[in-house]
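Report on the following structure.
The values are calculated or read from the model by the stated rules, or taken from the named source; none is laboratory data. None of these values were measured; they are calculated from a predicted model. As a convention, Cβ positions derive from the backbone with ideal geometry for all residues, glycine included, and neighbour counts pool all protein chains shown.
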Amino acid sequence: MGLKKLAAKVEDYNARLEVGKASKIKPRHVEKVLQKLRAKQAALEAEIAAASSADKKARLAGKLQIARTHIERAEWLRRELG
């Protein structure tokens, strides 16, 4: 998901928030998710280092890339909420 699509989702969220159909996202909620994502990233990096087969390393590398993308998005959201 690109930043334009993410920005559109945030705008949609803000519209639902104004109408009262969504609860407010607090920066501490985003921080909690960021902590979990960073822990997952560290675990995946350790798992890649310990993996012996190339297939497993490739699969874990894909998961690691997804985790990094989610971290990037969460940091963006934290800046938007800040």
Matching residues, the range 1-39, being more than 13 Å from Ile71 (Cα to Cα), at pLDDT 90 or above and among the small types (Gly, Ala, Ser): none
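Consider Leu17 carefully, then state whether it is surrounded by 13 or more Cβ atoms within 10 Å (Cβ to Cβ), over 16 Å from Leu77 (Cα atoms) and either hydrophobic (A, V, I, L, M, F, W, C) or in contact (Cβ under 8 Å) with a residue 60 or more places away in the chain (or both). Before the answer, list the steps.
Values: surrounded by 13 or more Cβ atoms within 10 Å (Cβ to Cβ): yes; over 16 Å from Leu77 (Cα atoms): no; either hydrophobic (A, V, I, L, M, F, W, C) or in contact (Cβ under 8 Å) with a residue 60 or more places away in the chain (or both): yes.
Criteria not met by Leu17.
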Residue list for the range 34-72, restricted to those being closer than 17 Å to Val10 by Cα and surrounded by 14 or more Cβ atoms within 10 Å (Cβ to Cβ): His70, Ile71
